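Have a look at the structure below, then the notes.
The values are calculated or read from the model by the stated rules, or taken from the named source; none is laboratory data. Here the structure is a predicted model, which is why all the values come from computation and not from measurement. Reconstructed Cβ throughout: ideal geometry from the backbone, glycine too, with neighbour counts over all protein chains shown. Note: areas computed on protein heavy atoms with side chains; ligands, DNA, RNA excluded. Shrake-Rupley method; radii C 1.70, N 1.55, O 1.52, S 1.80 Å.
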Amino acid sequence: MKKQLTLKPQIRNEQELSRRTILRGAGVAMALPWLESIPVWGAPAAAPPGADAFPKRFAALFMACGINSHHWWAKGSGESMDLGQTLEPLAPLKHKLNYISGLFNKAATGVGIHPGQTGNILSGAQLKKGAELRGGISMDQLLANTIGQDTVQPSLVLGCEQPTTGYHETNFSMAYSSHISWQNETSPVPMEVYPALAFDSLFDNRGSRRNKSVLDRVREEAASLSRQVSKNDQAKLDEYLASVREVEKRVVRMRGDQDKATEHAKDKGQPLATMPRPDNGLPEDIREHMRLMCDIVALAFQTDKTRVASLLLCRDISGLFYPFLDARKAHHSASHDDLSDEYERISRYYVSQLAYLAQRLDSMPEGDGTVLDHSCLVYLSNMWSGSKHDSTKLPLLQMGGLGGTIETGRVLDYLEAGDENRKLCSLYLSIMDRMGVKLERFADADTPLAGF
Amino acid sequence: MFALAVCSGMGLAQEEAPLETQFRQQVLPLVEENCLACHSSVEPEGKLDLTRFKSASDVAAAHSVWQAVLERLEAKEMPPEDAERQPTAQARAAAIAWIRAFRKFDAARNASDPGIVPARRLSNAEYNNTIRDLTGVDIRPAKDFPVDPANEAGFDNSGESLAMSPALANKYVEAARFVAEHLVLKPRGISFAPHPAQTDTDRDKYCVRRIVDFYQRQPTDYVAYFQAAWRYRHRTALGQPAARLEDVAREAGVSPKYLRTVWSALNDERFELGPMGKLQAMWQVLPKPTQPVTVGTAHPASRDAEVERPGCLEMRDFVVILRRKLEPPVKGLKVQGIHEGSQCFVLWKNRQYAANRRTYNKDALQIERPEQPAEDKQLAVPADETERAKFEESFARFAEVFPDAFYISERGRDYVGKPRELQEKGRLLSAGFHSMMGYFRDDGPLYDMVLDDEQQVELDELWQELDFIANAPARQHIGFLWFERTDSRYLRDPEFDFSRPEHSDCTSEEKITRLVAVYLAKAIRNGASDVAIEAIERHFRDISSRIRWVEQARVAAEPTHLAALVDFAERAFRRPLTETERGDFLSFYRSLRSDPTITHEEAIQDVLVSILLSPRFCYRMDLVMPAGGGQRALDDFELASRLSYFLWASMPDAELLACAKRGELRQPAVLLAQARRMMRDEKIRGLALEFGGNWLEFRRFDQHNSVDRERFPTFTNELREAMFEEPARFFVDLAHRDGSVLDFLYAKHTFVNGVLAEHYDVGDITQSRDQWSRIEDATSVGRGGLLPMAAFLTQNAPGLRTSPVKRGYWVARRLLGERIPAPPPNVPELPADEAKLELSLRETLAQHRDHASCRSCHERFDSLGLVFEGYGPIGERREHDLAGRPVDTAATFPGGSEGAGIDGLRRYLKEHREQDFLDNLCRKLLSYALGRTLLPSDDGTVSQMRERLTEDGHRFGTLVETIVVSPQFLTKRATGPIAKDRTP
């Protein structure tokens, strides 16, 4: 009996999870595009079309060192929502936006500034100081472990600034400043900063191409061994041979399916977005870099190569420069003057990246809606104010209806709700729950976010 | 072939015909009259269809079925009491005799048949263990494979049960990739990290940890050196007149090199004054040994009282406290515009500290004058210059022999100016930068004074690996470029714009050369001192040359990685590779590299993955027979694998493979010696868990989840883990000391850690929660041997009550090897909570036994379980059950003898059932060793095991030794049953 590769209905414990993440990038997992319903792997045909036929996607976009709070606000709801200056880039999509204020990550308060406020932003875990890193698995990786098994890559973990690993004065490792996606308590997920390589891993399917070469060789070896052995042994080796061949077929089929998906989409008059392969190396202009990374996320979501992404637009204590914004200071230095016009321009520039990604997704029709409607984008920073290093509340924006499970166009303020009711991890619980990852608790939260 | 058949057939032929006749005349009629009503081909009871047995040869093909028939007939369980017809006693006896005779006949005919043991994949446990022994890291890639099914004998190590599927093959791919993520490429060869090693931070962690571990392994405590010097001085009195200084050092676990230095400083030169004078005086007054100690017991741990120790501790404290006061201070460099935390200056300061570890700060001395006495007497020196020179000489020597630190393993931000105690802790090997990564090596005194040549090479390599593996120099420079634009503003002038961290060539020689020029020019404009200029130049020179070294070393290392990988493959395949096979790996690597997008590291990973997916790794190819079939002896390498998977559930180690390579392993003496060595090895835990764990059913107890933790809050994960460990450790210890297998039943001892000791209420055992020790008389707290181990008592209790049924069944089935049929489906369940039972469990069970259909089985085990009533649902001792009724542990055992509690059970087993236990153990172990269900032809080996056990004090080793030299273990064959074409 061939077993269907089933999704884990429930997460049992963290240890079990960490394994899967580690395999991210192995590229052997099957991508079954929503457009197709070919039986694969002995599985029955996919569910009939309906709201559930569209995969739900999640992406986290991180900007470091806070925002200019004078211009970070929203009022009203839906089309009549008023947006602060920094949020202006989102105006065309404000009906698909939730402005959420007042949330906080308890483990990131009172422990010292910067790395301690960052390395746990998606995990809510207590971080350990000194040379030995210790935190927790991040929620994007929890999602990847469960829903990522059906796609080319369980998750995309991208960054626009190289990670660093020195020590901050708080004695936290700067690795916490550089990584928001963690595969387990002690290891971050390798973050791709090269757009070309991120592109290849998805669209050239590097992982599966590499596995194909290996499987080719293994199959030949098993076949040749099998010819040399006695009947009983042959039966055993042939069983292996057949299994390996099956895995290999699946790898090959995966690419075929992608082509079919593209064809199918064209037939329906819903052309897939395309992008040329980015050049090798790091783009020297950060605008180019961020745009490419957003393009890759958008395209990956549309073609269902992955359903989970995290994008570190800049790392904490970032050294990025924005000459095109008429800003001479580097990001971190600029954030120490967070109420300045200069830092407002920087913050707005980052919001425009979210707007760009959201608009791209919204321009991709999918069923009655768009890819954005089946996604949940979370944009957040590790502090409210860069001059005060204040993480008692976080700037956070959420976009997309996640397949009709999130009502958008709202302004939600949790600041006065009391600490128990304004946990960032409660928001994560709510999102994971809607994506099929049912947890009783996540970090400090054991209830979903009320009213979300 | 013909001759063989005639030869061996002659004797048998005489028995064959009568057995066939007897079957038709005596057995078939009994079956037809008494059995077929229920056991026919149409919906047979117990799924047993007896109509298919029409001749003795049919029986030969299904011995295990007839073994069950035999047992039922003997126990008079079949036909059941309420059956319409019962055979006469005579007919029953005849059938029993025939089944026995026929089995014996068939066994003799096929004696020493190795049986069919087809190639099979590694079991999950074997996979994990093999990866552990292959890579040196215990990363358990198979931990989320589906659980392996067990075979008929209850073990998951046989081809019968270990199947393969596409889904599992897919997991094999994932597992191989998982292992590859731990691969570390070194300047020479490859290694594996205990954690993924793909990100910079994980690579840093791997390299830094190894260096710090190396440091921490070095003996740098002065006490040990003073004590060793003392023992050398008194070597004659201590019974070792011929001992050399080196011998004493080795015995004391200190560096011979540094001991020589210390010895010389204490004895070879005389100091009257200053710290050396004081120290030598302390040395002189150390007490003499109080009693002569005989040779061989001079080791510090075994001497009764270390009379010299208090004095040596005082000497140590004197050195350490004084030394701290003599450390030369270093003032940081300053240049306008350059951050004090700039890499150039921080590293310059680090170098000053490092260069002065063995000198002292003259300014710390206090010149004593009558009008101004010294505040610190230890630092006092006289005003007279000639006299003072003698003191200074003493201080200089003191500082030289006793460095202010042997090595620096962590460093905070010294440049900030806080005293060292207040600087950041835990930054292992850090250079002490702010925010930037960077390491600094400061271990000169350790390197020069303590390490021998070999250790120096090792340490040098570890530091090179840090640069090589973690690409540390280039990353440090990128950090520099970032820092000098952010926290420092030094590089913000447009003239520096050519060198930004985001430029892919920012670490190139050309860019660094350009950078030095503009950086220096600005520093000079800003008034930098010569020292500062030199510090800046030095820094850029160093970092550039280190970056260049990594670049070149990485290219130069590529062939060594490949060579190491081929050696790895040889170990992974557990037999030598041919030259062609070696070449094969190289060409596969080359074909991968022909794709320009595949890097060296990726290609190496892919080759590694292909090795781990090869059937020669993940299958037991040692069991394979070449095409053409027949029967033959295992070759040396096959035997090595068979032995190691039997005893360790893992691959052969280097020694075993070397034996095989020399062609010696098949010599019985060598084979037995290896088996004995392997039993003493820690890896025998593989046998304890895979054989012991499956035999006794505790293999998965570490995941046992049916305890109600609200009612039993002491049942924590820690306690569960300890319960799981107890039988494992008991088994390992028994194998290590080659103890009697009867200890399983009757031993007075057991093993506990702090957690389990508390659960067992062991009393005054003072030990930490995770430290294990042996309790000699565990019977005083109701433990000892397997029977009262909490793991079994808990596993066989369904939560809120005990289960005499399950506990008794466990004893009968697992220990005594009884085969008891499954209960009929309509048995009423007992209430889940003991507290809610109206009658006691004992009374409820007694009622249950009133039903005839239940009695025949329950009589065989209920009593064996009732004796455990003194132990609650988590194996805790108790006097009342959960409903508050006093417990009663008395029982009438099968056969009518009576007893109470564990002692009663032990007595019953000893008097009536010991042979059953031994027989079962022999069969189980043989079945596990062979990786298949036993055949009648194995009976001879089982009898041998039984006989030798009795002759040899029931040593566990006799079982292993008998098995590994048995023909079944040493040979293999290819095709169907050996007697297939012969009819009885």
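Rounded to the nearest Hz, the phi-derived 3J(HN,Hα) couplings of segment A:312-323 under the Karplus curve 6.51 cos²θ - 1.76 cosθ + 1.60 (θ = phi - 60°) are 8, 5, 8, 8, 4, 6, 6, x, 5, 10, 10, x, where x marks glycine and proline. Taking only the C-alpha atoms of segment B:612-718, the Rg (one decimal) and the largest Cα-Cα distance, Dmax (whole number), read 19.1, 63 Å. Once the C-beta distance of B:D708 and B:D916 is scaled by a Förster radius of 41 Å, the resulting FRET efficiency is 0.75 to the nearest 0.05. Measuring r between the beta carbons of B:A658 and A:R134 and using R0 = 45 Å, the FRET efficiency lands at 0.60.
Placing dummy labels 7 Å off each Cα toward the beta-carbon, the span from B:S768 to B:A89 is 6.7 nm. When accessible surface is computed with a 1.4 Å probe, chains A and B are found to bury approximately 6300 Å² between them, both chains counted. A Förster radius of 45 Å, combined with the Cβ-Cβ distance separating B:A101 from A:Q228, puts the computed FRET efficiency at roughly 0.60. In chain B, the longest principal axis of the Cα atoms and the axis of helix B:343-355 are about 90 degrees apart. The residues of segment B:654-788 expose, per residue, 43 Å² of accessible area to a 1.4 Å probe.
For segment A:361-424, the calculated P(r), taken from all Cα-Cα distances in 5 Å bins from zero up to the bin holding the longest distance, is 4, 16, 19, 19, 16, 11, 9, 6, 1, 0 percent. A viscosity of 1.306 mPa s and a temperature of 10 °C, combined with the Kirkwood radius over Cα pairs in Stokes-Einstein, give a translational diffusion coefficient for segment B:601-657 of 121 µm²/s. Close amide H contacts of A:G159 (hydrogens built in the peptide plane, cut-off under 5 Å, sequence separation of 5 or more or a different chain): A:E192, A:V193, A:L312. Computed over every Cα-Cα pair of segment B:354-466 and binned at 10 Å starting from 0, the pair-distance distribution P(r) comes out as 12, 30, 28, 20, 9, 1 percent.
Shielding of peptide B:494-504 by partners, expressed as the average count of other chain Cβ atoms within 10 Å per residue Cβ, is 3. Over chain B, the hull volume per residue, using the convex hull of the C-alpha atoms, is 245 Å³.
Beyond 25 Å in Cα-Cα separation lie the following of the pairs B:K331/B:K362; A:K56/A:K423; A:K236/B:K683; A:K305/A:K393: A:K236/B:K683; A:K305/A:K393.
Panel note: the C-alpha atoms of segment B:754-891, placed on their principal axes, show extents of 52, 34, 24 Å (largest first).
Straight distance only, please: which aspartates and glutamates reach the Cα of B:K186 with their own Cα at less than 12 Å, same-chain residues fewer than 8 apart left out? Here the aspartates and glutamates satisfying the reach criterion relative to B:K186 are B:E461, B:E465, B:D467, B:E558, B:E601. Compared with its chain on its own, segment A:129-167 contains the following residues whose accessible area drops by 50 Å² or more in the full protein assembly (probe 1.4 Å; ligands, DNA and RNA excluded): A:A131, A:T165, A:Y167. Within 10 Å of the Cβ of each residue in B:616-628, the mean number of Cβ atoms contributed by other protein chains is 4.
Over segment B:39-96, the hull volume per residue, using the convex hull of the C-alpha atoms, is 96 Å³. The string of couplings for segment B:497-504 from the Karplus curve (6.51, -1.76, 1.60, θ = phi - 60°) is 4, 5, 10, 10, x, 7, 6, 5 Hz, one whole number per residue in order, with x for Gly and Pro. Quick one: which bits of segment B:429-445 get at least 20 Å² less accessible when the partner protein chains are in, versus the chain alone, with a 1.4 Å probe? SASA drop of 20 Å² or more in segment B:429-445: B:H434, B:S435, B:M437.
Computed on the Cα atoms alone, the convex hull of the protein assembly as shown gives a volume of 235 cubic angstrom per residue. Counting, for every residue in B:412-425, the Cβ atoms of other protein chains within 10 Å of its Cβ and taking the mean gives 1. Placing pseudo-labels 7 Å out from each Cα toward the beta carbon at B:L586 and A:D368 gives an inter-label distance of 6.6 nm. Among the aspartates and glutamates, which have Cα under 17 Å from the Cα of B:K522 when same-chain residues fewer than 8 positions away are ignored? Cα-Cα hits under 17 Å: B:E340, B:E484, B:D493, B:E495, B:D497, B:D530, B:E534, B:E537. Per-peptide packing, taken as the mean over residues of other Cβ atoms within 10 Å, places B:321-331, A:164-174, B:656-666, B:741-751 in the sequence A:164-174, B:741-751, B:656-666, B:321-331 from highest down. Per residue, the accessible area of segment B:54-158 comes to 42 Å² when a 1.4 Å probe rolls over the protein heavy atoms.
Setting aside same-chain residues fewer than 8 positions from B:K288, which lysines have a Cα under 23 Å from its Cα? Leaving aside lysines fewer than 8 places away in the same chain, those within reach of B:K288 are B:K278.
Computed with a 1.4 Å probe over protein heavy atoms only, the accessible surface of segment B:227-282 comes to 42 Å² per residue. Interface residues of segment A:175-198, defined as those losing at least 10 Å² of solvent-accessible heavy-atom surface relative to the isolated chain (probe radius 1.4 Å), are listed as A:H179, A:Q183, A:T186, A:S187, A:P188, A:P190. Using every pair of distinct Cα positions in segment B:881-974, the Kirkwood expression returns a hydrodynamic radius of 15.7 angstrom. A full extension of the chain between B:R593 and B:A556 corresponds to an added length of 11.7 nm, given 0.36 nm per residue minus the alpha carbon distance.
Counting protein heavy atoms only, segment A:365-452 has 46 percent of its accessible area on carbon and sulfur, 1.4 angstrom probe. With a simple spin-label model that places each label point 7 Å from the Cα along the Cα-to-Cβ direction, the separation between B:R324 and B:E859 comes to 8.0 nm.
Between amide H atoms placed 1.01 Å from N, distances below 5 Å from B:T971 occur with B:L634, all of them 5 or more places distant or on a separate chain.
Rolling a 1.4 Å probe over the protein heavy atoms of chain B, with every protein chain left in place, gives an accessible area that is 52 percent carbon and sulfur.
Counting only protein heavy atoms and using a 1.4 Å probe, the accessible area of A:V351 comes to about 0 Å².
Under the criterion of Cα pairs below 8 Å and six or more residues apart, the relative contact order for chain B equals 14 percent. Amide hydrogen proximity for B:L122: with H placed 1.01 Å from N in the peptide plane, the residues at 5 or more positions away or on another chain lying under 5 Å are B:Y619, B:R620.
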